[in-house]
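One structure below.
The values are calculated or read from the model by the stated rules, or taken from the named source; none is laboratory data. As the structure is a prediction and not an experimental result, all values here were calculated from the model. Cβ coordinates were reconstructed from backbone atoms using ideal geometry, including for glycine residues, and neighbour counts include every protein chain displayed. Keep in mind that these areas ignore ligands, DNA and RNA; they rest on the heavy atoms of the full protein, side chains included. Shrake-Rupley method; radii C 1.70, N 1.55, O 1.52, S 1.80 Å.
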Amino acid sequence: MTGHDALGRRAFVTGTGAALLAAGAGGPARAAVTDGSLPDFHPLLTRELTFPLAWGTSPVRDFRAWRRAARAKVEELLIVGRDEHTPYDPRFADRREGDGYTGESVTLSLTRYERVRALLLTPHGAGPFPAVLLLHDHGAKFDIGKEKLVRPWYDDTRLASAQGWADKYFSGRFVGDELARRGYVVLVADALGWGDRGPLGYDQQQALASNFFNLGSSLAGLMAREDARAAGFLASLERVDRRRTAAVGFSMGAFRAWQTAVLSDDVAAAAAVCWMTGLKEMMVPGNNTLRGQSSYYMLHPGLPRFLDFPDVASIAAPRPMLFFDGGLDPLFPADGVRAAHDRLRTVWRSRHAEERLHLKTWPDLGHVFVDRMQDEVFAWLDRVL
């Protein structure tokens, strides 16, 4: 029996990372891939993630200069460039009166590539009003996007699907309609693959992202740029008080909300529900991120060589930011949430603005944005905008 046979297959696979370091001692080493599609030597790669551009680690000690440098690095790695010159050219349709607000659809150009349909809710009254850019989740449910957050009055089939989604995650509420009734202008658009821009199949996501890369572009970068442009459009409306515009989202929408606050000066505050963690704590066997697919909507290649997720979000400091997480959320391990919250707290405290940062873990909740969480977010928005 050879030495490898004595070790057994399992011991050999799990020991390959060490074997790579000792190549030549017992013949040529060979790499392996874990059941979670991680390279067997992933701990070595993880240790190399030191996030050298993070505030406090970066050699740049002036916070404003650090923000400029960190934001420039994020924008570089989006791959998709800014698109500041394409007119929005909004076209409004499907107007209807709701309970205290008016709903309408608006088709506009968020990039030079495509026209996008969004929903716009405006409170009754004179205005200008505070405003919220709502950003929908992923959920592997592509038949609806914007309709997850605003009741679709124009399509009974989508209404049935949207109500089921609201019942599952939002205590039966449509978050956009709730905000409009509270006096906020609300805008929500489909990301590529959802609603009027889909529906995409779950197994198509990886190919779509690959094709973007082969075209010299990025799926995640496109979504980031579109969200920032949507914030600019919302802030530009005469009915909106542009100094009082926030970004709000759940799950992938939460990622999009804090990312938009980083990329857009039109966002005065952001509320992110169920998407914040440390990268190292998330890249562990069993985590949903390791499946690929949906991860590509939040993947900017090379960025982890410079910044962790909370480091990127900290570029928005010292603006008001809210981060909620569920203690039972299977997507974001508790140690990752704690690490991220600690990092965020350190940055806002360094700006003497810790009171502007609202961090909370709901110990009895999972991956949801239920009514009591919504009510706390709404009250927070009323205070900070």
### Query
Percent of accessible area on region 72-119 owned by carbon and sulfur, 1.4 Å probe?
48 percent
### Query
Accessible surface of residue 364 in the full protein assembly, 1.4 angstrom probe, to the nearest 10 Å²?
90 Å²
### Summary
Under 5 Å from the placed amide H of residue 129, counting only residues 5+ away or on other chains, we find 240, 241
### Query
Rounded to the nearest 5, what % of the DSSP beta bridges within the chain are antiparallel ones?
45 percent
### Message
For region 198-253 and region 86-112, what is the centre-to-centre distance using only Cα atoms, to the nearest Å?
### Response
17 Å
### Task
Kindly sort 351, 68 by accessible area of their heavy atoms, largest first, with the probe set to 1.4 Å.
68, 351
#### Entry: Largest to smallest principal axis extent of the C-alpha atoms in region 119-274, angstrom
47, 35, 26
## Note on the structure
Within the chain, excluding any GluC sites (Glu not before Pro) found in a DSSP loop (not H, G, I, E or B) and having at most 11 other Cβ atoms within 10 Å, the longest uninterrupted segment runs 239-385
### Message
If I compute solvent accessible area with a 1.4 Å probe over the protein chains, what percent of it on region 204-345 is carbon and sulfur?
### Response
53 percent
### Query
How big is the shadow of the Cα convex hull of the chain, averaged over all directions, in nm²?
21.2 nm²
### Task
Sequence neighbours fewer than 8 away in the same chain don't count; with that in mind, list the lysines whose C-alpha is under 27 Å from residue 146.
168, 360
## Note on the structure
Expressed per residue, the solvent accessible area of region 162-245 in Å² (1.4 Å probe) is about 37 Å²
